[in-house]
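Quick notes on the structure that follows.
The values are calculated or read from the model by the stated rules, or taken from the named source; none is laboratory data. Keep in mind that what you see is a predicted model, and the values were worked out from it rather than measured. Positions of Cβ are generated from backbone atoms using ideal geometry, with glycine treated the same way; all protein chains shown enter the neighbour counts. For the accessible areas, the whole protein counts, side chains as well, though only heavy atoms, and no ligand, DNA or RNA atoms are used. Shrake-Rupley method; radii C 1.70, N 1.55, O 1.52, S 1.80 Å.
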Amino acid sequence: MADALTLDRPCQAIATLTLNPAVDIAYEVDRLVDDQKTHARTTRYDPGGNGINVARALKELMVCAHSCCIVAGNVGALLQRLLQHHLDDPHCVEVEGETRINATILQAEPPVQYEVTGIGPRVSALALAAVRERFLGLCKEGFGVLTGSVPPGVDEHIYAELLREIRAQGGFGVVDAHGTLLHTAIVEKPFIIKPNRYELGLLCGRELTRLEDVAEESRRLQRQGVEYICVSLGSEGALLVGPAGSFYARAPAIAVRSTVGSGDSMVAGLVAAFARRQRPEEALRLAVACGSGTAAQPGTAIFSYNDLGALLQQIEVTPLDI
Ligand SMILES: Nc1ncnc2c1ncn2[C@@H]1O[C@H](COP(=O)(O)OP(=O)(O)OP(=O)(O)O)[C@@H](O)[C@H]1O
Ligand SMILES: [Mg+2]
């Protein structure tokens with residue numbers, strides 16, 4: 001497996017940015033009953049937010065990533081403690097207010113998952129400038145990962161602006177976002193974008209039912225200047241369109257437990273492979289293994305490094321004629 005993961009190869013710098021992080025709380029309960037107190041069977045606290053999740057998955061892949069985020073108040077202090085434990089190199093910029101708490105309730109019978117996300121603190125212009133500078137300084141000529149939503153008051157052109165700055169310093173921008181954040185980012189020619197089928201459909205203004213439709217629209221974006229488009233297709237796997245060909249990888253057969261975080265794990269797989277200068281088809285294979293590995297885990301837990309070997313072996317990458 002060390003071969004497939006090429007742990008011996010040097011890795012370029014990687015920095016992730018999380019402007020709207022959270023403390024994630026997951027409760028497992030037997031059953032929620034209206035107007036009654038329910039006792040949790042288990043409680044779990046995790047640092048949350050897409051950029052943080054990508055950094056956690058990179059750590060599992062034995063890739064060191066710098067992660068920058070905004071924290072606030074007592075929840076922010078708890079988040080910083082969790083980050084010290086979970087990440088290699090967290091960098092936090094403090095603002096007024098409180099970091100949000102996102103709650104997941106996993107009900108056993110009938111099996112249902114409830115999710116409530118909180119509202120993050122307002123980020124001052126000063127704090128935003130500080131976190132941007134820190135992020136760009138850590139990214140250097142490596143990979144800058146821009147994922148997830150932005151907190152109230154932050155302009156949705158921020159990813160586009162950061163992409164321009166990443167490129168100006170010789171780095172590679174990676175974007176996993178939707179709506180205006182993604183729309184405006186594309187113009188700045190990111191190195192990788194990772195929409196899912198629905199997000200790509202919104203971007204192109206049409207429903208993408210067939211794999212050929214997805215490939216066609218991805219190629220169109222690629223011609224507009226996005227170097228690689230990786231479209232995740234849930235249980236169907238994913239597709240990667242780049243300058244030297246297109247590839248499709250079917251997802252391995254797994255027992256799905258919770259797909260929460262699959263997209264973030266997939267981004268980590270892509271970035272880890274490209275930062276180690278692996279071939280695009282290998283990047284796709286690792287990305288699908290990471291995504292599906294996470295889908296096989298319960299709740300917010302991510303794939304485990306030890307499971308990747310078996311998953312990678314199951315994933316066949318097929319070249320596409322587009
Ligand atoms: N049901 C599933 N079975 C197997 N693999 C899955 C399943 N769901 C997701 N995956 C794996 O995870 C990858 C990413 O999943 P998906 O397409 O759902 O991303 P996403 O919509 O961006 O997810 P997220 O909600 O985390 O943002 C898929 O390409 C696949 O490899
Ligand atoms: Mg996603």
- Message: Quick check on my filter: what residues within the range 54-73 are open to solvent by 30 Å² or more (accessible area, probe 1.4 Å) and more than 16 Å from C92 (Cβ to Cβ)?
- Response: K59, E60, M62, C64
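One line per residue, one yes/no per condition, for (1) assigned to a strand (DSSP E or B); (2) on the phi > 0 side of the Ramachandran plot:
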position: T16; (1), (2): yes, no
position: E28; (1), (2): yes, no
position: A55; (1), (2): no, no
position: K59; (1), (2): no, no
position: C68; (1), (2): yes, no
position: N74; (1), (2): no, no
position: C92; (1), (2): yes, no
position: G97; (1), (2): no, yes
position: I101; (1), (2): yes, no
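Quick one: how many residues across the range 257-278 are surrounded by fewer than 21 Cβ atoms within 10 Å (Cβ to Cβ) and within 11 Å of ligand 1 (Cβ to nearest atom)? Break it down into steps so the answer makes sense when it comes.
Within the range 257-278, the first condition is being surrounded by fewer than 21 Cβ atoms within 10 Å (Cβ to Cβ), and the residues that meet it are 257-259, 276-278.
This time we only want the ones that are within 11 Å of ligand 1 (Cβ to nearest atom), so: 257-259.
Counting residues in the range 257-278 that are surrounded by fewer than 21 Cβ atoms within 10 Å (Cβ to Cβ) and within 11 Å of ligand 1 (Cβ to nearest atom) gives 3.
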- Task: Read through the list (1) out of contact with any strand residue (DSSP E or B) (no Cβ under 8 Å at 6 or more places or on another chain); (2) surrounded by 14 or more Cβ atoms within 10 Å (Cβ to Cβ), then give the number of the only condition that R9 fails.
- Result: (2)
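Can you go through I229, I254, I322 and tell me which one is under 21 Å from H178 (Cα atoms) and either in contact (Cβ under 8 Å) with a residue 40 or more places away in the chain or open to solvent by less than 40 Å² (accessible area, probe 1.4 Å) (or both)?
Working: I254 fails: under 21 Å from H178 (Cα atoms); I322 fails: under 21 Å from H178 (Cα atoms).
When all the criteria are applied, what remains is I229.
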- For G309, state whether it is touching a residue at least 60 places away in the same chain (Cβ under 8 Å) and either surrounded by 24 or more Cβ atoms within 10 Å (Cβ to Cβ) or under 18 Å from R56 (Cβ atoms) (or both). no
- Message: Of everything in the range 172-200, what is away from ligand 2 (no atom under 16 Å from the Cβ) and open to solvent by less than 10 Å² (accessible area, probe 1.4 Å)? Give them in sequence order.
- Response: G173
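Among the residues that make up the range 25-32, is at least one of them under 16 Å from the mean Cα position of the chain (by Cα) and either within 21 Å of F143 (Cα to Cα) or at pLDDT below 95 (or both)? Lay out the reasoning, then the answer.
Step one: list which residues in the range 25-32 are under 16 Å from the mean Cα position of the chain (by Cα), which gives none.
No, the range 25-32 has no match at all.
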